[in-house]
């Protein structure tokens, strides 16, 4: 009789444990968009170095990807969006606050804010976007294996192909001026790429450095060149119109590193779509929120480039876009 009671008790305990396991630990069929192991809305901090169309587009593309992935803003996800307004000290302060706020994930847009976030935040996943060279910026060990709490997307642009457009627009061009911020690692990387590319194109690169966007116009005026090349330098792009004005006065074309700058008055570019780059970053963020490890997620780039041209801007700068270039353009700015 005693033995029978023990058998019954053991069977009951076994059934109870199986029921609890089924109800409490099996999440393989859970379609909830919440972060792994978290109840309530996911909290994402967004830090951006400055406002300009490309960076704004990357931010909105990121949020669109989260929405498409089931993260309804205000219900499944909340965003703490901060802008450093071009000030590195402010970017550092934002990153420090995010570090103590207990965010589930941080999006860092552009190299300076990514560097600030990397220094301050060590135990929260960080996804980066609009960063030219994450390795050179000291953010990851390698593009294939980031190795820490950071991964994301690079906006490294095809500088040689972009400068090649100048030779189509103005075959006799010999000199190209680049205004860039001395404080942005991403800009120095692009200047070095431009100098290397210029050798095979028969061009010479001349540079003028700035520390703030307010110096862009004077720096551009100091360069006596046949054309300007505008890299994805946040300080320069935020004050692009002042450089465009100088180019129109000098009657020299502006080749840009991304399409938004052509929309704003540059002549041409082979560039990436920053909205799509942001979406790509958002899709990576979703994987991380569901448990993926940033350390093993390779840095991604955008493979599809678009030729964007602006005939009206070309006319204002004294050049004509060849018909062959117009015919193959993905976007002709009206």
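The values are calculated or read from the model by the stated rules, or taken from the named source; none is laboratory data. Note that this is a predicted model, so its numbers are computed, not measured. FYI the Cβ positions are ideal-geometry reconstructions off the backbone, even for glycines, and counts take in every protein chain you see.
Scanning segment 67-81 for residues that are part of a loop (DSSP other than H, G, I, E, B) and touching a helix residue (DSSP H, G or I) at 6+ places or on another chain (Cβ under 8 Å) yields 69, 71.
Got a sec? Which helices (runs of 4 or more DSSP H) wholly within segment 82-170 have at least 1 residues that are surrounded by fewer than 23 Cβ atoms within 10 Å (Cβ to Cβ) and assigned by TED's automatic domain parsing to the domain that holds residue 227? Where helices (runs of 4 or more DSSP H) fall fully within segment 82-170 and carry at least 1 residues being surrounded by fewer than 23 Cβ atoms within 10 Å (Cβ to Cβ) and assigned by TED's automatic domain parsing to the domain that holds residue 227, they are 159-169.
Restricting the search to helices (runs of 4 or more DSSP H) fully inside segment 227-296 and requiring at least 3 residues that are under 16 Å from the mean Cα position of the chain (by Cα) gives 234-238, 259-263, 274-289.
If a residue has to be within 18 Å of residue 104 (Cα to Cα) and in contact with a helix residue (DSSP H, G or I) (Cβ under 8 Å, 6 or more places away or on another chain) to count, how many in segment 266-291 make the cut? Of the residues in segment 266-291, 6 are within 18 Å of residue 104 (Cα to Cα) and in contact with a helix residue (DSSP H, G or I) (Cβ under 8 Å, 6 or more places away or on another chain). Under the condition of being surrounded by 19 or more Cβ atoms within 10 Å (Cβ to Cβ) and part of a helix (DSSP H, G or I), the residues counted in segment 297-313 number 1. Checked against the criteria, residue 203 does not count as without any contact (Cβ under 8 Å) to a residue 60 or more places away in the chain, in contact with a strand residue (DSSP E or B) (Cβ under 8 Å, 6 or more places away or on another chain) and within 26 Å of residue 49 (Cβ to Cβ).
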